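> So that we are looking at the same thing, I have put the structure below in C-alpha cells.
The values are calculated or read from the model by the stated rules, or taken from the named source; none is laboratory data. Just so we're clear, the structure is a prediction, and the values are computed from it rather than from any experiment. Glycine also receives a Cβ, built like all others from the backbone with ideal geometry; neighbour counts cover every protein chain displayed.
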C-alpha cells in the first residue's frame, strides 16, 4: 500500500488489518508515537491523518491507502528546527515523563490548525482525548495558549 | 490478528457482494470499537477478514432529501457535528456526537458503528430512538425501535450492511448524558426526550437502549410527574464498574425531570 508519511511517499507490504501504531513503531522505527492504553482512551498514540487527529491504535494500516499521515517526527520544520508549538512546550516546561507529549503535540497542532482563537477551555476540550499521567496539564495548556492569539 | 484478511472494496455494491460471499467477515469503519476487540482477540466468532467501509463515498455525507435528513453510515461524528443540516434540524444529534470520546474518537466514530456494535451505552442510540430514525441497509429500512433485539444484538441479518440513517424533520429532542467526566466517558445514564410525540429513550439502564413506554404513556396524558415516577419501572439497571443500579435509577428520574422541566419552560 502507498501513503504519505511525514511528507514522504512510502510503499509498504504489510497485512492491512495491523494497527497503524504497530507498523509505525515496528516496521518504520518511528517510535515517537507511543502506546498507552491501546483502547482509544489516552491519546498517547495520536497521529494526524489528512490533518485530523486520530488514535493510531484504532486504525487499520490498510485504511491508509492514499492518505497523508503525520507523526511527531514530522512536526519539526525542515533542517530539524522545532515548530513554534514544540518550542513552547520546552519553554513552558510542558513535558514531565514525556510519554503523552507526542500525542499532546499532535492534538494541539490539529487544534491550532482549526483556529488560533483559543481560550483555556477550548484547549482543555481540544486536548480532552489526551491523558497526562503526571497530571501536568496546566503547563501544557499554557504552552498551547502561547501559540494561540 | 495478523491472519485476518483486509478487504478493501471499490464501491458499496462491491462491498455488499463481498460481504454476502465471505463467511467470517466483519465490517470495519472507524475502528473505535472493532480495532480494540480485534487486537485483544475478543471478537467472537473470530473473524477471518475485515471489510473496510471507511473510504466508501456512498456511505459518507449528510443529505436533506424530501423532508428527511439522511446521514451516511460511515460519516464521522466530526462530519455530523460540523453539518449545517444537522445543526439546524437535528441539534440533539450534534449534542450527543459532541459528548462521544474526544477529537480522536469523533474523527473516526460513525452512526453505523454505534448501531452495529449495539452497546447499551451507545451515546447516539437514544437520540435515534427519540427521533424515530430509520436504519437503511443494503436491502430494507428498519425502524429504530425494531433494531435492538438483545444485549449487543440487532435485527441485522448476518450478511446485511447498514448504509445510512434517516431522520424525519420537525421534532424537538432534548439530550443529556451523565458520565464520570465531560470527555472520554462511557455513560452511566444517557437520555433523549421528545415531548411531541412523547419519546423517552435511555441508554446504559438496560441490556439495550430502550424506550420508556410507561413513562411515555404518562407523558402523552400530560402527566409529567407520573412520567418521572413511571420511568423507574421502565428501566432495568445493573450494578457494574461504572455505577450502581440505585444510582442509575435515581439519576434517570432526575435527568428526565430536568429535561421535561426544560421543555415546559420553552
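> Output yes when any residue across segment B:246-264 is free of Cβ contacts under 8 Å to residues at least 24 places away in the same chain and not in a helix (DSSP H, G or I), and no when none is.
So far as segment B:246-264 goes, no, none of its residues is free of Cβ contacts under 8 Å to residues at least 24 places away in the same chain and not in a helix (DSSP H, G or I).
> If I go through segment A:20-45 residue by residue, how many of them are within 8 Å of chain B (Cβ to nearest Cβ) and surrounded by fewer than 24 Cβ atoms within 10 Å (Cβ to Cβ)?
Residues that pass the stated criteria total 3.
> Looking at segment B:7-22, can you tell me whether even one residue there is over 24 Å from residue B:123 (Cβ atoms), buried (at least 16 other Cβ atoms within 10 Å of the Cβ), within 11 Å of another protein chain (Cβ to nearest Cβ) and touching a helix residue (DSSP H, G or I) at 6+ places or on another chain (Cβ under 8 Å)?
Yes, segment B:7-22 contains a residue that is over 24 Å from residue B:123 (Cβ atoms), buried (at least 16 other Cβ atoms within 10 Å of the Cβ), within 11 Å of another protein chain (Cβ to nearest Cβ) and touching a helix residue (DSSP H, G or I) at 6+ places or on another chain (Cβ under 8 Å).
> Give segment A:112-129 a look and list any residue that's buried (at least 22 other Cβ atoms within 10 Å of the Cβ) and either part of a helix (DSSP H, G or I) or away from chain B (no Cβ under 11 Å) (or both), or say none.
Going through segment A:112-129, the residues buried (at least 22 other Cβ atoms within 10 Å of the Cβ) turn out to be A:123, A:126-127, A:129.
Of everything in segment A:112-129, those that are buried (at least 22 other Cβ atoms within 10 Å of the Cβ) and either part of a helix (DSSP H, G or I) or away from chain B (no Cβ under 11 Å) (or both) turn out to be A:123, A:126.
> Would you point out which residue out of B:28, B:34, B:53, B:38 is within 13 Å of chain A (Cβ to nearest Cβ), out of contact with any helix residue (DSSP H, G or I) (no Cβ under 8 Å at 6 or more places or on another chain), buried (at least 21 other Cβ atoms within 10 Å of the Cβ) and closer than 21 Å to residue B:101 by Cβ?
The unique qualifying residue is B:38.
> Here's a follow-up. If residue A:90 satisfies all but one of (1) more than 30 Å from residue A:13 (Cβ to Cβ); (2) part of a helix (DSSP H, G or I); (3) not assigned by TED's automatic domain parsing to the domain that holds residue A:138, what's the number of the condition it fails?
Only one criterion is unmet by residue A:90, namely (3).
> Could you tell me whether residue B:47 is within 12 Å of another protein chain (Cβ to nearest Cβ) and in a loop (DSSP other than H, G, I, E, B)? Before you say what the answer is, go through the steps one by one.
Details: within 12 Å of another protein chain (Cβ to nearest Cβ): yes; in a loop (DSSP other than H, G, I, E, B): yes.
Yes; evaluated as a whole, the condition is true for this residue.
> How about segment B:221-245: which of its residues are modelled with pLDDT under 95 and part of a helix (DSSP H, G or I)?
Answer for segment B:221-245, where residues must be modelled with pLDDT under 95 and part of a helix (DSSP H, G or I): just B:245.
> Of the residues in segment A:46-64, how many are more than 14 Å from the chain's Cα centre (by Cα) and either more than 20 Å from residue B:50 (Cα to Cα) or more than 8 Å from chain B (Cβ to nearest Cβ) (or both)?
2
> Report, by residue number, each residue of segment A:48-83 that is more than 15 Å from residue A:34 (Cβ to Cβ), part of a helix (DSSP H, G or I) and touching a residue at least 60 places away in the same chain (Cβ under 8 Å).
A:61, A:62, A:64, A:74
> Something else about it: Restricting to segment B:178-197, count the residues that are assigned to a strand (DSSP E or B) and within 14 Å of another protein chain (Cβ to nearest Cβ).
0
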